[in-house]
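**Q** Here it is, the structure, as structure tokens.
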Amino acid sequence: MSAVAAEAPGFRSLIPERTGGQLVTADEALSRWREPGDDELRLALNMIASVDGRIAVNGRSGPLGGPADRALFHALRARADAVMVAAGTVRAERYGPIIRDRGRRERRVGQGLPEQPLAVIVSRSLELDPTLPLLADPDTRLVILTPSAGDLPPTAASVDYLRTPTLRAGLSELRARWGVRLIVCEGGPTLNAALAADSLIDELFLSISPLLVGDTADGVLVQGDAPPEPQALELTMLLEYESQLYAHYVSRS
């Protein structure tokens, strides 16, 4: 889920249903997701999984996706104030700059947003190679949320640290210090579980790949601490493209 698709795929909108079967692009489907004046801090989890619940094939999410998944992935990033991800996912997926497409960066500026969303890495150990593309990008603004007292080796990216005891405290600091209102979180499963356990997931975007992967070591969507009780979600959007489904849920709590 990383490269920008050459053409914008057309989705069938199942929920809400479009009259006449009109196809929509990812940007059209998300056109009202971020409305002016949305001031409350929201965290949206964005993940992909096979139909049997696996989130990767041989350690990478890419084989589960395709051009439509990537289009939604980048459309979500383009609307975020911050993109949060666990250090293990950054290493496994070799993260680069959050928004690479110049046109998307220019549109963000036209909407009063910085060219790039704030990149937020959650890490206990700070085991991050400074040559990772994200850290080697001089235009990246990076915040590391960590309990560690250490620092990374020098990087081309601009790096700040939030040394907070909990994820909830870290999110509050992102809002207070950087004005973050909308966070897109891209996993992995242990971070997802920690967010769910503290009732911090407001929305879920889930791409469902029409693949059976089997019982592998690649993990499932949420793996670790359980929330105090199952979190009820409401389905507000369902798109389809070549048998792949794209669902948007919001928390009922």
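**Q** With only Lys, Arg, Asp and Glu charged, each at its Cβ (+1 for the first two, -1 for the last two), find how big the charge dipole of segment 31-148 is about the Cα centre; round to the nearest 20 debye. Kindly include the intermediate steps, with their values, before the conclusion.
**A** Working: 18 positive and 15 negative charges, 54 e Å.
Charge dipole of segment 31-148: 260 debye, to the nearest 20.
**Q** In square angstrom, rounded to the nearest 10, how much accessible surface does residue 243 have for a 1.4 Å probe?
**A** 80 Å²
**Q** So for segment 24-149: antiparallel DSSP bridges make up what percent, rounded to the nearest 5? Walk me through the numbers before you get to the answer.
**A** On the way: 1 of 10 bridges.
Among the beta bridges of segment 24-149, antiparallel pairing accounts for roughly 10 percent.
**Q** Same structure, new question: Using only the alpha-carbon atoms, how far is helix 67-79 inclined from the longest principal axis of the chain? Give it as 0 to 90 degrees, nearest 10.
**A** 50 degrees
**Q** Shifting gears a bit: Can you tell me the dipole magnitude for segment 9-61 around its Cα centre, using point charges on the Cβ only (Lys, Arg +1; Asp, Glu -1), in Debye to the nearest 20?
**A** On the way: 7 positive and 8 negative charges, 63 e Å.
Value, rounded to 20: 300 debye.
**Q** State in Å² the accessible area per residue of the chain; use a 1.4 Å probe, count heavy atoms of protein chains only, and round to the nearest integer. Working shown, then result.
**A** Details: 12190 Å² over 253 residues.
Result: 48 Å² per residue.
**Q** By its C-alpha gyration tensor, with a ≥ b ≥ c as the square roots of the eigenvalues, how is segment 85-158 shaped: rounded for a/c under 1.5, else prolate for a/b larger than b/c, else oblate?
**A** prolate
**Q** Also, I was wondering about something else. Pull up all non-local amide H partners of residue 161: gap of 5 or more, or a different chain, and H-to-H distance under 5 Å with H placed in the peptide plane.
**A** 144
**Q** Right, next: Order the following by accessible area, largest value first: 33, 178. Probe radius 1.4 Å; ligands, DNA and RNA are ignored. Don't skip to the answer; put the middle values down first.
**A** Values: 33 25, 178 75 Å².
Descending accessible area places them as 178, 33.
**Q** Answer with one residue from 188, 161, 223: the one whose Cα lies farthest towards the positive end of the charge dipole of segment 82-232, charges on Cβ with Lys, Arg +1 and Asp, Glu -1.
**A** Of 188, 161, 223, it is 161.
**Q** Let me ask something else. State to the nearest 20 debye the size of the charge dipole of the chain about its Cα centre, where the only charges are +1 on K and R beta carbons and -1 on D and E beta carbons. Let's see the in-between values first.
**A** Details: 26 positive and 33 negative charges, 92 e Å.
Roughly 440 debye, rounded to the nearest 20.
**Q** Another question, then. Would you work out what percent of the accessible area of segment 1-137, with all protein chains in place, is carbon or sulfur (probe 1.4 Å)? It would help to have the intermediate numbers written out before the result.
**A** On the way: 3110 of 6460 Å².
Answer for segment 1-137 is 48 percent, counting heavy atoms of protein chains only.
**Q** Sort segment 113-253 into rounded, prolate or oblate with this rule: let a ≥ b ≥ c be the square roots of the eigenvalues of the Cα gyration tensor; rounded if a/c is under 1.5, and if a/c is not under 1.5, prolate when a/b is larger than b/c, oblate otherwise.
**A** Values: a/c = 1.66, a/b = 1.50, b/c = 1.10.
Prolate.
**Q** Would you grab the residues whose amide H sits under 5 Å from the one on residue 181? Only those 5+ places off in sequence or on another chain, please, with H modelled 1.01 Å from N.
**A** 81
**Q** Right, here's the next one. Give the ranking of 23, 174, 235 by solvent-accessible surface, highest area first, calculated with a 1.4 Å probe.
**A** Working: 23 95, 174 0, 235 65 Å².
Descending order: 23, 235, 174.
**Q** Determine the share of segment 174-253's accessible area contributed by carbon and sulfur atoms, expressed in whole percent, with a 1.4 angstrom probe. Walk me through the numbers before you get to the answer.
**A** Details: 2030 of 3930 Å².
Accessible surface attributable to carbon and sulfur in segment 174-253 totals 52 percent.
**Q** Same structure again: Any chance you could run the full-extension gain for residue 131 through residue 236? It's 0.36 nm times the residue separation minus the Cα-Cα distance, nm to one decimal.
**A** Working: separation 105, 0.36 × 105 = 37.80 nm, distance 3.99 nm.
Length gained, residue 131 through residue 236: 33.8 nm.
**Q** Output wanted: per-residue J couplings in Hz (rounded whole) for segment 197-210, from phi through Karplus 6.51 cos²θ - 1.76 cosθ + 1.60, θ = phi - 60°, x for Gly and Pro.
**A** Once rounded to whole Hz, the list reads 4, 9, 6, 9, 8, 8, 8, 9, 9, 10, 8, 10, 7, x.
**Q** Residue 8 to residue 177: extension gain in nm, 0.36 nm per residue of separation minus the Cα-Cα distance?
**A** Details: separation 169, 0.36 × 169 = 60.84 nm, distance 3.55 nm.
This chain segment gains 57.3 nm when fully extended.
The values are calculated or read from the model by the stated rules, or taken from the named source; none is laboratory data. Everything numeric in this text was worked out from a predicted model, so none of it was measured. Every residue, glycine as well, gets a Cβ built from its backbone with ideal geometry; the counts of neighbours run over all protein chains shown. The area values use the complete protein model at the heavy-atom level, side chains included, leaving out ligands, DNA and RNA. Shrake-Rupley method; radii C 1.70, N 1.55, O 1.52, S 1.80 Å.
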